[in-house]
1. Are any of the residues in segment 202-220 more than 25 Å from the chain's Cα centre (by Cα) and farther than 27 Å from Gly13 by Cβ?
2. Glu63 is checked against (1) within 27 Å of Tyr31 (Cβ to Cβ); (2) at pLDDT 95 or above; (3) touching a strand residue (DSSP E or B) at 6+ places or on another chain (Cβ under 7 Å) and fails just one. What number does that condition carry?
3. Quick one: would you say Arg84 is crowded, with 17+ Cβ neighbours inside 10 Å and among the basic types (Lys, Arg)?
4. Examine segment 283-303 for a residue that is under 28 Å from Phe117 (Cα atoms), assigned by TED's automatic domain parsing to the domain that holds Phe237, part of a strand (DSSP E or B) and in contact (Cβ under 8 Å) with a residue 40 or more places away in the chain, and state whether such a residue exists.
5. Which condition breaks for Lys26 when tested against (1) over 23 Å from the mean Cα position of the chain (by Cα); (2) farther than 29 Å from Arg136 by Cβ?
6. For Ile93, only one of the following conditions fails: (1) within 27 Å of Glu358 (Cα to Cα); (2) in contact with a Ser or Thr (Cβ under 6 Å, 6 or more places away or on another chain); (3) among the β-branched types (Val, Ile, Thr). What is its number?
7. Could you check segment 250-276 and list, in sequence order, the residues that are polar (S, T, N, Q) and surrounded by fewer than 13 Cβ atoms within 10 Å (Cβ to Cβ)?
Amino acid sequence: MKIGLSTSVIQHGKTGVAQYVFSLVKALLPYAQKHEFTLFVLEDDLDLFDFARYDMRLMPISEKFRPPVKDILWHHVELPRMARRLGLDVLHIPSYRRMIWQHPCRLVATIHDLAPFHVPNKYDWRRMFYARTCVRRLVRRQHEIIAISQTTAHDINRFFQVPLDSINVVYNGIDHDHFNPGNRAEASRLVADRYGLERPYFIYVSRLEHPAKNHVRLITSFNTFKASCSLPWQLVFAGGDWHGSEIIHAAIRQSPFGTDIRSLGFVPNEDIPLLYRAAGACVYPSLYEGFGLPPLEAMACGCPVISSNRGSLGEIVGDAAIQLDPEDLKQWKLELTRIAADAALREQLRAKGLAHAEQFDWHKSAAGTLAVYQRALRQESGYKLDRLPRKGQGVPTAREEKPALLGR
């Protein structure tokens with residue numbers, strides 16, 4: 001097969017979609033001996049794909065197409081031309097906001113989440129409009145859809161009326177060479193040297209986005225936790241500023257315990273496992289996720305997890321984490337107190353998390369994704385997502401490319 005993958009949504013490698021693209025490409029490298037891969041990469045991002053340079057073709061794209069509107073237009077006008085010229089069999093778009101209308105070849109799109117349908121004001125009105133209106137039409141032009149969780153598959157069915165049996169669930173993986181328990185003592189020494197974190201801390205790895213990532217409620221719960229006990233724990237945010245970040249920074253400044261709240265900004269990927277290994281616990285209070293990689297990556301590093309139960313998070317973390325309503329401030333305060341004070345509980349969650357995280361692997365994800373490419377190619381003609389279930393038909397389940405998860 002000749003396979004193309006658009007990578008223009010990675011935003012210099014600083015988003016969750018970027019980690020999906022990097023991890024998937026790395027896991028697909030062994031298949032480059034049999035299949036021909038072309039990565040469409042914005043010029044300033046080319047160095048980020050050096051690891052694939054000798055196995056896959058890197059097709060440079062002018063930086064003038066980086067702004068979102070121009071990038072969308074490039075996908076609709078220029079990318080189909082390039083796909084035809086290269087004779088691609090399959091073109092994979094790893095973001096629903098860049099799905100294309102034309103059919104230069106078989107089209108596969110990954111939908112990570114439909115958060116704009118669940119979280120008001122997640123994005124500015126233009127992005128919200130595009131997600132809620134244009135995407136409804138574009139999704140039906142794809143030959144195959146990949147959802148990264150059953151939750152996202154059911155959202156696609158609910159909001160776009162795509163039959164569940166036309167959706168492929170391919171779970172994200174974990175890079176276990178990168179995210180593993182390692183040496184906790186060494187990690188503690190390194191984060192103390194690099195970030196000045198010398199006391200126990202809760203770590204939240206996420207871009208600073210308000211209201212979707214729910215930092216402000218977490219800060220409020222942390223304030224009541226600190227006010228109710230004398231424990232020396234800190235709250236640490238690892239992530240760059242995003243939509244609404246000024247509100248989060250204001251909440252930190254206004255906190256009576258602001259000196260115990262650290263915002264590290266964007267943290268290089270190589271330091272994330274260190275922060276997890278040295279942390280007392282990972283907290284993940286997001287209002288909605290289509291998957292939720294950070295809690296799993298924390299588990300793989302031996303870090304106990306307290307997670308929101310919204311979106312796919314309950315599905316993904318299973319019984320290996322403490323699950324809470326992200327808007328229940330009292331319960332978050334109680335669980336912060338309990339996990340900080342109970343070393344036995346932390347050890348129990350570490351053990352359960354390590355076993356749970358083992359089930360997720362990018363090599364399985366790559367194999368499942370390749371199976372979707374092959375399924376798209378086998379279609380006789382046209383596209384299939386314009387089929388609606390007949391009246392009275394039973395509700396099918398989404399195709400799953402991975403064994404059932406622990407605790408589901």
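1. Taking segment 202-220 first, the residues more than 25 Å from the chain's Cα centre (by Cα) are 220.
Remaining after also requiring farther than 27 Å from Gly13 by Cβ: 220.
Yes - at least one qualifying residue is present in segment 202-220.
2. In the conditions (1) within 27 Å of Tyr31 (Cβ to Cβ); (2) at pLDDT 95 or above; (3) touching a strand residue (DSSP E or B) at 6+ places or on another chain (Cβ under 7 Å), Glu63 misses (1) alone.
3. On the way: crowded, with 17+ Cβ neighbours inside 10 Å: no; among the basic types (Lys, Arg): yes.
For Arg84, the condition - crowded, with 17+ Cβ neighbours inside 10 Å and among the basic types (Lys, Arg) - is not met.
4. Residues of segment 283-303 under 28 Å from Phe117 (Cα atoms): 283-298.
With the extra rule that they be assigned by TED's automatic domain parsing to the domain that holds Phe237, the set shrinks to 283-298.
Filter once more, keeping what is part of a strand (DSSP E or B): 283-284.
Add one more test, that the residue is in contact (Cβ under 8 Å) with a residue 40 or more places away in the chain, and what stays is 283-284.
Yes, some residue in segment 283-303 is under 28 Å from Phe117 (Cα atoms), assigned by TED's automatic domain parsing to the domain that holds Phe237, part of a strand (DSSP E or B) and in contact (Cβ under 8 Å) with a residue 40 or more places away in the chain.
5. The number of the failed condition is (1).
6. (1)
7. Start the filter on segment 250-276 by keeping residues that are polar (S, T, N, Q), which leaves 254-255, 259, 263, 269.
Correct list: Gln254, Thr259.
Each row is one residue, and each column tells you yes or no for (1) in contact (Cβ under 8 Å) with a residue 24 or more places away in the chain; (2) crowded, with 24+ Cβ neighbours inside 10 Å.
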{"residue": "Ile100", "(1), (2)": "yes, no"}
{"residue": "Thr133", "(1), (2)": "no, no"}
{"residue": "His154", "(1), (2)": "yes, no"}
{"residue": "Ile167", "(1), (2)": "yes, yes"}
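The values are calculated or read from the model by the stated rules, or taken from the named source; none is laboratory data. Being a predicted model, the structure only gives us computed values, none of them experimental. No Cβ is skipped: glycine too gets one built from the backbone with ideal geometry, and neighbour counts run over all protein chains shown.
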